[in-house]
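Novice: Shown below is the structure under consideration.
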Amino acid sequence: SRFRAKCPEKYWATVATAFLGCRVTELAQINLDQDLIQHEIGFWYIRIAETSEAEDRSAERVTRQSIKNLASWRLLPIHPTLDRHGFVEFLLVQQAKGRNRRPFESKWKPVVLEDKSTSENGAEKVDTHHHWGRPVIMWGSQEMARLRKSGAVDDPESKLAYFHSMRHTFSGLMVDAKIPFDVREAAVGHKYGGPEAERYAKLKENPLALLEQGFLPGLTKLGALLDEM
């Protein structure tokens, strides 16, 4: 909570990951012009999907969103408590700063990486893409080290990862609340081939169903904790 005013990017990167159950790399790279969407009944959701965006072809620069696998493509509802505390407002402020904005770009500039490939005529082709999550992850690792050193986190064997622990928090709360397995798997973007596979596939494309069947009943304790902060 100490980051709330002085560095909201650090605050929301941490809190939102726990409320969304997503990988921080997924959240860090969403294009706010395309992937922040308001549902017809009023709540907001985020589109997690892989895209290819040519920003400046003359410079051979490509900004691309990369998702771990196809199972990870999904529409994630933003919990009402998260919205009420200012997360959507934060995202809209970032969006207003310019086209193709990412949520945490004001604090962490992306790492630009090269993609080398060979064309049909054998010539080497080099494109670049932005890795929006890497600098955020690096900060999280440093923050976890600081928390261990201060004694705030009891992790002598260094097994906990800052952002991945937030993802585990989300999953653990869903289990405790007895949220159906396929709903949990759809929310976190895991592969699922069980008896409810067809329903699982539809859930990933239905943020209202995920909100009502998973996020609202599953994150009650987390919402209360945020209210206390």
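The values are calculated or read from the model by the stated rules, or taken from the named source; none is laboratory data. In this text the structure is predicted, and so the values were computed from the model without any measurement. A quick note on method: Cβ atoms are made from the backbone with ideal geometry, for glycine too, and the neighbour counts reach across all protein chains shown. Areas reflect the complete protein model, heavy atoms only, side chains present, ligands, DNA and RNA absent. Shrake-Rupley method; radii C 1.70, N 1.55, O 1.52, S 1.80 Å.
Novice: Considering the stretch 197-216 alone, what residues qualify as being modelled with pLDDT of 90 or more and surrounded by 14 or more Cβ atoms within 10 Å (Cβ to Cβ)?
Specialist: N206, P207, L208, A209, L210, L211, Q213, G214, F215, L216
Novice: Only one of L113, L147 is over 24 Å from V188 (Cα atoms) and at pLDDT 90 or above. Can you tell me which?
Specialist: It is L147.
Novice: Return a yes/no flag: does the stretch 119-130 have any residue that is modelled with pLDDT of 80 or more, within 26 Å of K159 (Cα to Cα) and open to solvent by less than 70 Å² (accessible area, probe 1.4 Å).
Specialist: No, the stretch 119-130 has no match at all.
Novice: Residues in the stretch 204-227 that are in contact (Cβ under 8 Å) with a residue 40 or more places away in the chain, under 11 Å from V183 (Cβ atoms) and not charged (D, E, K, R): how many?
Specialist: Of the residues in the stretch 204-227, 7 are in contact (Cβ under 8 Å) with a residue 40 or more places away in the chain, under 11 Å from V183 (Cβ atoms) and not charged (D, E, K, R).
Novice: Restricted to the stretch 159-183, and to residues that are hydrophobic (A, V, I, L, M, F, W, C) and without any contact (Cβ under 8 Å) to a residue 40 or more places away in the chain, which residue is farthest from P207 (Cα to Cα)?
Specialist: L160
Novice: How many of the residues making up the stretch 1-20 are of a type in the set (A, V, I, L, M), at pLDDT 95 or above and farther than 16 Å from M144 by Cα?
Specialist: Qualifying residue count for the region: 2.
Novice: Which ones in the stretch 148-164 are touching a helix residue (DSSP H, G or I) at 6+ places or on another chain (Cβ under 8 Å) and in a helix (DSSP H, G or I)?
Specialist: Y162, F163
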